[in-house]
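**Q** If you scroll down you'll find the structure; I have some questions about it.
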Amino acid sequence: MYSMPLYRPPSEARSLIIQVTEGCSHNKCRFCYMYKCKQFRLKSKEEIMEHVKELKSYYRDAERIFLADGNVLCLKTEKILELLDYIKKEFPNVKRISSYSGPLDLLRKTEEELTTIHEAGLELLYMGVESGSDNVLSLMEKGVNQTEMTLAGQKAIKAGFKLSCMIISGLGGKELMQEHAVESAKVISAINPHYFSLLRLVVEEESELADDIRQGKFHLLTPLEVLDENIIMLENMELEDCIFRANHVSNHVNQAGILNKDKEELVKRLKKLRESGNFIPLEYDTL
Ligand code: SF4
């Protein structure tokens, strides 16, 4: 039914996944292992129809649909509009359609195109910002710089999408920790997304970053340094009504709140943990 591996954000756990493309058209980020084993390709209309027919036999009443794989917005706008119409007809109970969105795809589309796509039913976008630092973005080969990332996020919001942004804690390594924390806070604050998720860097063997670590070019943060970085990042956030979550399996500490309303409390809790001398991180590591 699906070309594996298949990924979706944690908050789409109950959504029906429709695989419209396979892989990621960028597929270069050094920390990312998600689609390394997949050649990017667009599925044909016939393949999508066959896929939907099969899915419908199990999940006819789906209310939430997530469009996979990595970046459905790379499709031509007329194709996306056609696809959204088709999905709404096939799943009449659908209340929310969402997808990942690469910054490059958002930048390539005009504001009018994005507004039309949103009005046609694509409601929520997930954008991996990863870092706000130009140096980190460049080292990790994300394909955009700080300014472009900020513009992409702002453009999505202006077009009416609900936007969820992710930052990867520890992505600056020891050398760029401070810069990663401060600049990431700057970019997230400038975008002011509806949702902000903080994940922690977990390095898989398949990623290029694993080679960088073996060659001594990148140094992972210790759990206490991750905590310090989180504190700096939160302290520098200037957000309005942003739902914040750091409750991914990768996080050492589970956090949740509304930023900036809960900023002081969140920072206070992290500092208390830092100073307690008995901080035991929730562990999930592969390297
Ligand atoms: S992080 Fe996103 S853009 Fe980068 S390679 Fe992975 S899926 Fe593609």
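The values are calculated or read from the model by the stated rules, or taken from the named source; none is laboratory data. This one's a predicted model, so the numbers in the text were calculated from it and none came from an experiment. We place every Cβ from the backbone using ideal geometry, glycine too, and count neighbours over all the protein chains shown. What goes into the accessible areas is simple: the full protein's heavy atoms, side chains included, and nothing from ligands, DNA or RNA. Shrake-Rupley method; radii C 1.70, N 1.55, O 1.52, S 1.80 Å.
**Q** Of these, VAL52, VAL129, VAL72, which one is farther than 18 Å from SER164 by Cβ and of a type in the set (A, V, I, L, M, F, W, C)?
**A** VAL52
**Q** Return the total of residues in the range 192-237 being in a helix (DSSP H, G or I), open to solvent by 10 Å² or more (accessible area, probe 1.4 Å) and over 28 Å from SER276 (Cα atoms).
**A** 5
**Q** Just to be sure, is ARG64 over 16 Å from GLN19 (Cβ atoms) and in contact with a Lys or Arg (Cβ under 7 Å, 6 or more places away or on another chain)?
**A** When the stated conditions are applied, ARG64 does not pass them.
**Q** Continuing with the same structure: For the list (1) open to solvent by 30 Å² or more (accessible area, probe 1.4 Å); (2) within 14 Å of the ligand (Cβ to nearest atom); (3) of a type in the set (Val, Ile, Thr), I need the number of the one condition that VAL72 fails.
**A** Going through (1) open to solvent by 30 Å² or more (accessible area, probe 1.4 Å); (2) within 14 Å of the ligand (Cβ to nearest atom); (3) of a type in the set (Val, Ile, Thr) one by one, VAL72 breaks only (1).
**Q** Among the listed residues LYS155, LYS174, LYS217, which satisfies the condition of being farther than 22 Å from LYS268 by Cβ and touching a His at 6+ places or on another chain (Cβ under 8 Å)?
**A** The unique qualifying residue is LYS174.
**Q** Follow-up. Can you tell me how many residues in the range 128-181 are small (Gly, Ala, Ser), away from the ligand (no atom under 13 Å from the Cβ) and open to solvent by 20 Å² or more (accessible area, probe 1.4 Å)?
**A** Qualifying residue count, the range 128-181: 2.
**Q** On to the next question. Please specify each residue of the range 1-23 satisfying the condition of being farther than 22 Å from LEU171 by Cα and either free of Cβ contacts under 8 Å to residues at least 24 places away in the same chain or part of a loop (DSSP other than H, G, I, E, B) (or both).
**A** Answer for the range 1-23, where residues must be farther than 22 Å from LEU171 by Cα and either free of Cβ contacts under 8 Å to residues at least 24 places away in the same chain or part of a loop (DSSP other than H, G, I, E, B) (or both): MET1, TYR2, SER3, MET4, PRO5, LEU6, ALA13, ARG14, SER15, VAL20, GLY23.
**Q** Taking the options TYR7, TYR58, TYR2, TYR100, name whichever one is in contact with a His (Cβ under 9 Å, 6 or more places away or on another chain) and of a type in the set (Phe, Trp, Tyr).
**A** Testing whether each residue is in contact with a His (Cβ under 9 Å, 6 or more places away or on another chain) and of a type in the set (Phe, Trp, Tyr) leaves just TYR2.
**Q** Can you tell me which residue in the range 116-125 is most open to solvent (accessible area, probe 1.4 Å), limited to those that are under 15 Å from ALA152 (Cβ atoms) and away from the ligand (no atom under 16 Å from the Cβ)?
**A** Here is the first cut: in the range 116-125, the ones under 15 Å from ALA152 (Cβ atoms) are 117-118, 125.
This time we only want the ones that are away from the ligand (no atom under 16 Å from the Cβ), so: 117-118.
Values: ILE117: 0, HIS118: 50 Å².
Per the stated criteria, the residue is HIS118.
**Q** Same structure again: Taking only pairs six or more apart or across chains, which ones have beta-carbon atoms under 9 Å, a first residue in the range 160-178 that is within 19 Å of HIS248 (Cα to Cα), and a second residue that is of a type in the set (Lys, Arg) and open to solvent by 10 Å² or more (accessible area, probe 1.4 Å)?
**A** Sorted first by the residue in the range 160-178, then by its partner, the pairs are ILE168/ARG200; SER169/ARG200; GLY170/ARG200.
**Q** If SER98 satisfies all but one of (1) over 18 Å from the mean Cα position of the chain (by Cα); (2) open to solvent by less than 40 Å² (accessible area, probe 1.4 Å); (3) away from the ligand (no atom under 13 Å from the Cβ); (4) not aliphatic (A, V, I, L, M), what's the number of the condition it fails?
**A** Failing condition for SER98: (1).
**Q** In addition: Does the range 1-23 hold any residues that are of a type in the set (A, V, I, L, M, F, W, C) and either crowded, with 17+ Cβ neighbours inside 10 Å or more than 14 Å from the ligand (Cβ to nearest atom) (or both), and which are they?
**A** Once the filter is applied, which keeps residues that are of a type in the set (A, V, I, L, M, F, W, C) and either crowded, with 17+ Cβ neighbours inside 10 Å or more than 14 Å from the ligand (Cβ to nearest atom) (or both), the range 1-23 yields MET1, MET4, ALA13, LEU16, ILE17, ILE18, VAL20.
**Q** Now, a different point. Kindly check whether there is at least one residue in the range 173-183 that is part of a strand (DSSP E or B) and in contact with a helix residue (DSSP H, G or I) (Cβ under 8 Å, 6 or more places away or on another chain). Outline the logic, then answer.
**A** Kept after step one, since they are part of a strand (DSSP E or B), are these residues of the range 173-183: none.
Checked the range 173-183: no residue is part of a strand (DSSP E or B) and in contact with a helix residue (DSSP H, G or I) (Cβ under 8 Å, 6 or more places away or on another chain).
**Q** Between a residue in the range 74-93 that is within 24 Å of PHE40 (Cα to Cα) and any residue that is basic (Lys, Arg) and outside any loop (DSSP other than H, G, I, E, B), which pairs come within a Cβ distance under 9 Å, given they are 6 or more apart or on different chains?
**A** Hits for this filter: CYS74/ARG108; LYS79/LYS45; GLU82/LYS45; LEU83/LYS45; TYR86/LYS45.
**Q** A follow-up question, please. Could you grab me the full set of residues in the range 24-68 that are near the ligand (Cβ under 9 Å from one of its atoms), of a type in the set (Ser, Thr, Tyr) and in contact (Cβ under 8 Å) with a residue 40 or more places away in the chain?
**A** Within the range 24-68, SER25, TYR33 meet the criteria.
**Q** Quick check on the range 101-115: of everything there that is in a helix (DSSP H, G or I) and either open to solvent by less than 50 Å² (accessible area, probe 1.4 Å) or within 16 Å of the ligand (Cβ to nearest atom) (or both), which residue is farthest from ALA152 (Cα to Cα)? Spell out the reasoning first.
**A** The initial filter retains those residues of the range 101-115 that are in a helix (DSSP H, G or I), namely 103-108, 111-115.
This time we only want the ones that are either open to solvent by less than 50 Å² (accessible area, probe 1.4 Å) or within 16 Å of the ligand (Cβ to nearest atom) (or both), so: 103-108, 114-115.
On the way: PRO103: 5, LEU104: 8, ASP105: 8, LEU106: 5, LEU107: 6, ARG108: 9, LEU114: 11, THR115: 13 Å.
Step by step, filter the range 101-115, then rank; the result is THR115.
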